[in-house]
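For reference, the structure is listed below as structure tokens.
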Amino acid sequence: MANTLNSDLEGITVAETRLSQINGEKGELLIRGLPIDELASNASYEETVFLLLNGRLPTSEETDEFRGKLASHRQICDEVQAVLQRAAREGKPAMDALRMGVAAANLGVEEQDLRKDIHRVIAVFPTIVATYWRYQQGKEPVAPRDDLGHATNFLYMLTGERPSEARAAGLETYLNTVVEHGLNASTFTARVVVSTESDLISAATAAVGALKGPLHGGAPGPVLEMLQEVYETGDAEKYVRETLDAGERLMGFGHRVYRARDPRAAVLESAAESFHTEKGDGEFFEAAQEFEDVATDLLAEYVPDRRLETNVEFYTAILLDGVGIPKDLFTATFAISRVSGWMAHALEQLDDNRLIRPSSHYVGETKRSWTPVEDR
């Protein structure tokens, strides 16, 4: 009996997971059983990663110990720095530089241990991104500090200055919010790689390649450009109508899974509001909220048969821009968070591994015979 063709694998279940549960109809997301709004707004990133890897929240002592383990793996060797320096000099995009850096991340590391490899992969992502960015700006890299948390240290390496608590808290909320989200393209890629019993560096490198694609991780930058343009013109309705009349996609709205408002959008909206209120710079944020209202109404008018609500990318752009992440690093910062989800899925895959090997349906010619080269 012929298999049913699902070219995008939508609706095909290929794994059981305890890591996250998504209810697209209701707009709900649970991470290890915890609602995303509770986890993202209360946990440190280290607590979230511990939860993903171990299935429970850590004690205070375990949090400190785990934070120290991650911090001890932040350094990258001179050879990796040289690769990143050349990538910056040649103008390679940040995601290309991250892919190159991750692929070389185990240089100089002799001991191979699954847990240590996971810690190292997670720990070096911020160092690779920040090192590339410093070179790209014509500056020397800032060495990581082992006395700072994951989010704070990343911001510190970008600027050389310890960030304010508000900036660090805003980034930490973002990292918690997007850390895990089911079998998205990059996570599935990571699971496929480790299902072959390959190594974690290979899985992370392949996942970065999948995340680089604009259909997966590349939208927050264009969202920010859109919001800045609308803020300057002050005419949200005109922008939305012109975009939809041209048959173009309105960035920051609609999601492959959610048929309601993306629950992560609510978390990031709240975080962005708190940050901009404390910063005393709420005008741009308020304009973005007004744009969301206008866009949602017009989308319902233009596309009445689909419910296109705000997705995670909309308030990602506002929050990351607010805390000082350069637009060119938005997708790489997404990867800094999501790598922990990739590693948790790698562990889950290896716990009861079976090579992931889907089939394809052949539609080519079948009745051909060999033709000697002189007769072709």
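The values are calculated or read from the model by the stated rules, or taken from the named source; none is laboratory data. This is a predicted model, so every value here is computed, not measured. We place every Cβ from the backbone using ideal geometry, glycine too, and count neighbours over all the protein chains shown. Side chains are part of the model used for accessible areas, which takes the heavy atoms of the whole protein and leaves out ligands, DNA and RNA. Shrake-Rupley method; radii C 1.70, N 1.55, O 1.52, S 1.80 Å.
Figures for the structure shown
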| quantity | calculated |
| --- | --- |
| Candidates 13, 233, 243: whichever shows maximal mean-square fluctuation once the chain is modelled as a Gaussian network with Cα springs under 10 Å | 13 |
| Three-way shape call for the range 278-334 based on the alpha-carbon gyration tensor, with the a/c threshold at 1.5 | oblate |
| Hz values of 3J(HN,Hα) by residue in the range 16-33 - Karplus curve (6.51, -1.76, 1.60), Gly and Pro given as x | 9, 9, 10, 8, 8, 10, 10, 10, x, 6, 8, x, 10, 9, 10, 10, 6, x |
| For the range 241-255, 3J(HN,Hα) per residue [Karplus equation, 6.51 cos²θ - 1.76 cosθ + 1.60, θ = phi - 60°, Hz, x = Gly/Pro] | 5, 5, 5, 6, 5, 7, x, 9, 7, 8, 5, x, 10, x, 8 |
| GNM top mover of 147, 328, 351 - the chain, alpha-carbon springs below 10 Å | 351 |
| Listed residues 303, 228, 272: farthest to the positive end of the dipole of the range 220-322 (Cβ charges) | 303 |
| Interchain or long-range residues, amide H under 5 Å from residue 253's placed H | 311 |
| Shape category assigned to the range 220-322 from the gyration tensor of Cα positions, a/c cut at 1.5 | oblate |
| The chain - accessible surface per residue (Å², probe 1.4 Å) | 51 Å² |
| 31, 201, ranked by accessible area, largest first (probe 1.4 Å) | 201, 31 |
| Loop GluC sites (Glu not before Pro), the range 203-265 (other Cβ atoms within 10 Å of the site Cβ: 15 or fewer; DSSP) | 248 |
| Average projected area [Cα convex hull, the chain], square nanometres | 24.5 nm² |
| Neighbour cut-off at most 11 other Cβ (10 Å), DSSP loop, GluC sites (Glu not before Pro), the range 270-376 | 365 |
| Links that overshoot a 25 Å alpha carbon limit, given the list 212/327; 26/238; 279/327 | 26/238 |
| Helix-only mean residue ellipticity at 222 nm for the chain, each DSSP H run of n ≥ 4 adding -39500 (n - 2.57), per residue, nearest 500 | -18500 deg cm²/dmol |
| Calculated from backbone phi, Karplus (6.51, -1.76, 1.60) coupling profile of the range 140-148 in Hz, x at Gly/Pro | 7, x, 9, 5, x, 10, 8, 9, 10 |
| Student exercise, the chain dipole from Lys, Arg, Asp, Glu Cβ charges, in Debye to nearest 20 | 1300 debye |
| Stretchable slack from residue 9 to residue 371, in nm (0.36 nm times residue separation minus alpha-carbon distance) | 126.6 nm |
| Whole-Å distance, taken between Cα centres, linking the range 52-109 and the range 326-376 | 24 Å |
| Relative contact order (%) - the range 220-322, alpha-carbon pairs under 8 angstrom, separation at least six | 46 percent |
| Charge context of residue 217, other residues only, Cβ under 15 angstrom, K/R +1, D/E -1 | +1 |
| Cα gyration tensor shape for the range 1-101, rounded if a/c is under 1.5, else prolate or oblate | oblate |
| With at most 11 other Cβ atoms within 10 Å, longest stretch of the chain clear of loop chymotrypsin sites (Phe, Trp or Tyr not before Pro) (DSSP) | 1-361 |
| Distant-in-sequence amide H partners of residue 28 (H built 1.01 Å from N, under 5 Å) | 23 |
